[in-house]
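Notes follow the structure.
The values are calculated or read from the model by the stated rules, or taken from the named source; none is laboratory data. These numbers come from a predicted model, not from an experiment. Positions of Cβ are generated from backbone atoms using ideal geometry, with glycine treated the same way; all protein chains shown enter the neighbour counts. In case anyone asks, the SASA skips ligands and DNA or RNA and just uses the protein heavy atoms, side chains included. Shrake-Rupley method; radii C 1.70, N 1.55, O 1.52, S 1.80 Å.
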Protein chains: 2
Amino acid sequence: MHASAISERIGQLQKVMQAKGIAAAIFTATDPHFSGYPHAHWRALQWLSGFDGSSGILVVTETAACLWTDSRYWIQAERQLQETGISPMQIEGGNTLSFAQWVVENIPAGKTVALNGQVTGLENARRLEKLLSQATLKLRTDYDLISEIWTDRPQLPENAVYEHDARFTALVRAEKLSALREKMSELDVNWHFISALDDIAWLLNLRGSDLPYSPLFISHMLVGMNEVRLFIDEAKIPDMLRERLSADGISLRPYKKASSALAELSAGSKVLIDPQRITVGMLEAKSENIAVVEGISPSVLMKSRKAQPEIEHIRETMEKDGAALCEFFSWVESALSDKELLTEVGIADKLDAFRMEKEGYVSSSFSVIAGFGANSALPHYRATSEEYAVIEGQGLLLVDSGAQYLGGTTDVTRVISIGEPTDAQRYDFTVVLKGLIALSSGRFPRSVRAGMLDALARSPLWNRGLNYGHGTGHGVGYFLNVHEGPQSISYHALADEHTVMEEGMVTSIEPAVYRPGLWGIRIENLAVCCKVEETEFGEFLGFETLTLVPIDTRLIDRSLLLQSEIDWVNQYHACVRKRLESHLTGRAKDWLIERTQAL
Amino acid sequence: MHASAISERIGQLQKVMQAKGIAAAIFTATDPHFSGYPHAHWRALQWLSGFDGSSGILVVTETAACLWTDSRYWIQAERQLQETGISPMQIEGGNTLSFAQWVVENIPAGKTVALNGQVTGLENARRLEKLLSQATLKLRTDYDLISEIWTDRPQLPENAVYEHDARFTALVRAEKLSALREKMSELDVNWHFISALDDIAWLLNLRGSDLPYSPLFISHMLVGMNEVRLFIDEAKIPDMLRERLSADGISLRPYKKASSALAELSAGSKVLIDPQRITVGMLEAKSENIAVVEGISPSVLMKSRKAQPEIEHIRETMEKDGAALCEFFSWVESALSDKELLTEVGIADKLDAFRMEKEGYVSSSFSVIAGFGANSALPHYRATSEEYAVIEGQGLLLVDSGAQYLGGTTDVTRVISIGEPTDAQRYDFTVVLKGLIALSSGRFPRSVRAGMLDALARSPLWNRGLNYGHGTGHGVGYFLNVHEGPQSISYHALADEHTVMEEGMVTSIEPAVYRPGLWGIRIENLAVCCKVEETEFGEFLGFETLTLVPIDTRLIDRSLLLQSEIDWVNQYHACVRKRLESHLTGRAKDWLIERTQAL
């Protein structure tokens, strides 16, 4: 994107703003469905600014344009905004409302600020409105200011929807809808409106391919006590599937009609909405004669707790995924010893290729992060065909990757040493490993919030003056989003009452240390929360590690480990070897045996 | 109190309620100042019910009376309410609003519920009102229903107020007020109303003796930018002190006039109130022409962070307090070996006596908890002259006690073994000790909420299927309340944004295990939060243990400790010996040497 094209777009926008009397316009990187990877149709922020990070906030005023990003994207924003006239701004810590502060300080009282309500969550809009109103600024959410000027806006995709193979689902659609309706009854509502694509896919046992990395399809859904209205482009649904949906009481409505879904409900209806998972725009057409009850979508909690058959499929999937990683790492090491030229980009492609061969593979679950040397210190690094490192000499190679399989979603990070590691690298690696072990083997009473568990993983690091800037664990879907709530092992998540760690939840555990300019270490497993014991003090939960990939013992300083930690590593490697052995042959199998030797 | 007298009072109340059209009246154990130990003048709940626990909620309707208590008081309530006609009810877990649920279920819609706004916090009243209004019940907070029938209500005390000796204060009054006014300017207010007695005492460097255990005086305070209005019974202030206060711009107003304090502010005033620390009644007379800003009282945060000179005084105070405990425990053991008859009540008195001899002693900071054998398993046990255990045979003796000194407030729990401990007792004791060590020696980044730290202390217990029902640490005042906020090491405190653990905060660290019917173990030290190091990952805080009392090594199973834990115990005991040695002679000194031997 040329900087001049960006300046021109901002100029056009400013004319539209002037015509409508808007003093400041705010753009975020979200869509109407709160997707992790919004479709290009909704990437207005990117179109307007040229910045393509997954998160950012652009504010355009009559005379200025500023784009706020968090620390992951400071360097990228600096580069991508060069000569566009847009100033890069930094979000420090968790101060996500700093852009609003700027608006309050720079826009005269009484003026109007615009934000597209079609892609803004109700709760976020309310928070912003409160802040602006204290400065007597007015917030309008009913303008989509760029629709007129974004003439080559990408169309929404028309990819087909398909059923999640019944061999892999624990409950049929009707059972899930019936469980949801039970929760709706408890909440005394007779309708529930859902915009979150993973909730819709999970409830209906349907999958799609509208978005990269997640098997989702673009739609909204209104669940009643006797019927379901699915707002979706009809062309996406094959005829036979339409009949099967109809048999379950699910009728199709055009996607665009979703905005009037709440307007059409009969008087006296009581509808449940989730203020974190519905846009403010979706409520605008709501009729005055219906009652709205706010609360978390029951399906968010339901789908977060995996059923036993699902966990069994995930275990099988982990064997395939682990085998692919053994094939990959053994190939990397053998290619390097054969003096082949490997680059970060090349190995990422090769990793995808190994996974694609596995039964049940559907897609990657995010773009591979392969960082060598100093690049491994950038938690969200992505090598590009223009900028990448060659893997040579001594250094740490960090590979964070995952895939979507019919039987589950994976996400794993391993670091291997290229050449002989230094003592300092082994120290950092071992301390991170201690954090991984502390949480993976830790127990805690039922009803503890997931955020609390962050202290268990971080304590071995904190005690040595180390830390990392991201969360320790995110929930993971079942052949769904690789980032799934409501639980989150992060001390920033403490304030949310819906973050309790429950049996059946799958979470990543990924402590880390990043030494800018030197190396980065992150070890990431997926684990499922399970009941460990019941004593006179109550029920205690813990984790079963699901991920099956050797941890590079050449990077472990044994003298820093307690005996119990050494035992954990040895038991883990014995299990990895036992479970993967039959999936591997030749070089990869030799590598597995070598890399799972007891400490 | 005879049960018949209670029934009669409830009957009189019900008549008043009927006359005023009140369907249910709610009574809590609070006062207008949110005191931990309200004066008898405000113990309406106790007068009405005969129940004298520190916490409880009484609901009286036309036909019934029920009293809710948490698990600490279930047995006591059962006993004290016998034959009164009042039904004891149980608050399970943290469900403190279960009484409101009961009201909603038992009072017909449209009726009126009364709660005395003079002793009810604004935030609590709002929460209750919201709940009741959902059931279309009306809440009135402007009735004090028992004032007519409580004819022998105790008068408020008239004890003299005195200045906290300047040798022990870090800042003079004027400096503290000036710092407060700076915060008020930042918040854009010109008045701040304070009802919390410890905040008033701290800001003015004054102390009193109106309440048991805390050196407080009953008053409210309105701080302006140029003047301070102290609402207090004038007779409590000696003439010379009044002049000194006047020199600092502090004028006296009658205590009863506090309720019109906000009514008298000139139009356009902006007043800061803390909704957790002001009663709903206090706001009722507020003029319409003033603006109210809600937020935590700045003094809450200011006084929680002790200044270096204060910490130095606390260190000295801990030597005196520790010496008293050595004298006490050596006396207990020697008396027992001399076959003296010791009871829980007798030793509590003796402990007070040892402390009273120490320079700077003012009072105990709470009533001594001395529990032997199965009694030690009751966290809030208080032996009485009617019910107590004799200390004999084998068992654990738990002693939790503390005192107010001019140079600080103490709170310490130790458990000693009477006779040879069992392996099971040593197991529990050692695991609790591991929890104490984990948190006492743990480090954490600046800005971590105190609640998070709970996981560090509990993890060694959780990993073994153990737990305890109370928090791990409460803040402690400086010659003020032994329970002081805002920080709290408790996972229930996670949701409060003001609970960050900061440098200078003094906290208890008190993990525990209770085996009902068998024994209870709690080891409690006070510690001050301090900066430990600064690395490229930020600033790390930790704790300096302040309490200086040997931990009974006869109860430690060394095989359960890591070498680092053994080192911690040995270093702690070396420090205790070094610091206390010069304060002790004879039997107590011998005991100190014996009990601080290295493991």
Scanning the range B:192-222 residue by residue, those in contact with a Phe, Trp or Tyr (Cβ under 7 Å, 6 or more places away or on another chain) and farther than 19 Å from residue B:481 by Cβ turn out to be B:222
Check whether at least one residue in the range A:310-332 is open to solvent by 50 Å² or more (accessible area, probe 1.4 Å), of a type outside the set (Lys, Arg) and touching a Gly at 6+ places or on another chain (Cβ under 8 Å), and report yes or no.
-> yes
Among the residues of the range A:200-231, count how many are outside any loop (DSSP other than H, G, I, E, B) and open to solvent by 10 Å² or more (accessible area, probe 1.4 Å).
-> 2
Within the group A:508, A:559, A:490, which residue is of a type in the set (Ser, Thr, Tyr), more than 23 Å from residue B:453 (Cβ to Cβ) and within 14 Å of chain B (Cβ to nearest Cβ)?
-> A:559
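To keep it simple, each residue is scored yes or no on (1) in the same structural domain as residue B:386 (by TED's automatic domain parsing); (2) open to solvent by less than 50 Å² (accessible area, probe 1.4 Å); (3) out of contact with any His (no Cβ under 7 Å at 6 or more places or on another chain); (4) more than 30 Å from residue B:198 (Cα to Cα).
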| position | (1), (2), (3), (4) |
| --- | --- |
| B:13 | no, yes, yes, yes |
| B:22 | no, yes, yes, yes |
| B:27 | no, yes, yes, no |
| B:61 | no, yes, yes, yes |
| B:70 | no, yes, yes, no |
| B:82 | no, no, yes, yes |
Failed criterion for residue B:532 (all others in (1) more than 27 Å from residue B:404 (Cβ to Cβ); (2) over 21 Å from the mean Cα position of the chain (by Cα); (3) assigned to a loop (DSSP other than H, G, I, E, B) hold) | (3)
Of B:133, B:178, B:87, the only residue that is touching a strand residue (DSSP E or B) at 6+ places or on another chain (Cβ under 6 Å) and among the small types (Gly, Ala, Ser) is B:87
Of all the residues that make up the range B:167-182, how many are assigned to a helix (DSSP H, G or I), open to solvent by 80 Å² or more (accessible area, probe 1.4 Å) and within 24 Å of residue B:194 (Cα to Cα)?
-> 2
Counted residues, the range A:408-455 - those being more than 14 Å from chain B (Cβ to nearest Cβ), touching a residue at least 60 places away in the same chain (Cβ under 8 Å) and more than 24 Å from the chain's Cα centre (by Cα) | 9
Restricting the search to the range B:242-259, which residues are open to solvent by less than 70 Å² (accessible area, probe 1.4 Å) and more than 29 Å from the chain's Cα centre (by Cα)?
-> B:248, B:249, B:251
Just a yes or no: is a residue in the range A:467-480 aliphatic (A, V, I, L, M), more than 8 Å from chain B (Cβ to nearest Cβ) and farther than 24 Å from residue A:540 by Cβ?
-> yes
Out of curiosity, is residue B:518 within 14 Å of chain A (Cβ to nearest Cβ) and over 24 Å from residue B:400 (Cα atoms)?
-> no
Return the residue satisfying two criteria in turn: it lies in the range A:493-505 and is touching a residue at least 60 places away in the same chain (Cβ under 8 Å) and open to solvent by less than 10 Å² (accessible area, probe 1.4 Å), and of such residues it is farthest from the other protein chains (Cβ to nearest Cβ).
-> A:504
Kindly indicate whether residue B:538 is within 12 Å of chain A (Cβ to nearest Cβ) and on the phi > 0 side of the Ramachandran plot.
-> yes
Of all residues in the range A:29-38, which are open to solvent by 30 Å² or more (accessible area, probe 1.4 Å) and either assigned to a strand (DSSP E or B) or not polar (S, T, N, Q) (or both)?
-> A:34, A:36, A:37
Could you list, in sequence order, the residues of the range A:132-166 that are open to solvent by 20 Å² or more (accessible area, probe 1.4 Å) and farther than 27 Å from residue A:46 by Cβ?
-> A:133, A:134, A:135, A:136, A:138, A:162, A:163, A:165, A:166
Residue in the range B:577-599 that is within 14 Å of chain A (Cβ to nearest Cβ) and outside any helix (DSSP H, G or I) present | no
Breaking point among (1) more than 30 Å from residue A:301 (Cβ to Cβ); (2) in a helix (DSSP H, G or I); (3) under 28 Å from the mean Cα position of the chain (by Cα), for residue A:554 | (3)
When you go through (1) over 30 Å from residue B:384 (Cβ atoms); (2) out of contact with any helix residue (DSSP H, G or I) (no Cβ under 8 Å at 6 or more places or on another chain); (3) modelled with pLDDT of 95 or more one by one for residue B:61, which number turns out not to apply?
-> (2)
Do we find a residue being out of contact with any Ser or Thr (no Cβ under 9 Å at 6 or more places or on another chain), farther than 19 Å from residue B:212 by Cα and either open to solvent by 10 Å² or more (accessible area, probe 1.4 Å) or not assigned by TED's automatic domain parsing to the domain that holds residue B:276 (or both) anywhere in the range B:474-491?
-> no
Restricted to the range B:260-270, and to residues that are under 32 Å from the mean Cα position of the chain (by Cα) and touching a residue at least 40 places away in the same chain (Cβ under 8 Å), which residue is farthest from residue B:232 (Cα to Cα)?
-> B:270
Selection within the range B:64-90 - in contact with a helix residue (DSSP H, G or I) (Cβ under 8 Å, 6 or more places away or on another chain) and free of Cβ contacts under 8 Å to residues at least 24 places away in the same chain = B:67, B:69, B:88, B:89, B:90
Going through the range B:562-583 one residue at a time, which ones are farther than 23 Å from residue B:323 by Cα and surrounded by fewer than 19 Cβ atoms within 10 Å (Cβ to Cβ)?
-> B:562, B:563, B:564, B:566, B:567
Do we find a residue being over 22 Å from the mean Cα position of the chain (by Cα), open to solvent by less than 20 Å² (accessible area, probe 1.4 Å) and not polar (S, T, N, Q) anywhere in the range B:357-364?
-> no
So which residues in the range B:562-576 are touching a Ser or Thr at 6+ places or on another chain (Cβ under 7 Å) and within 14 Å of chain A (Cβ to nearest Cβ), if there are any at all?
-> B:568
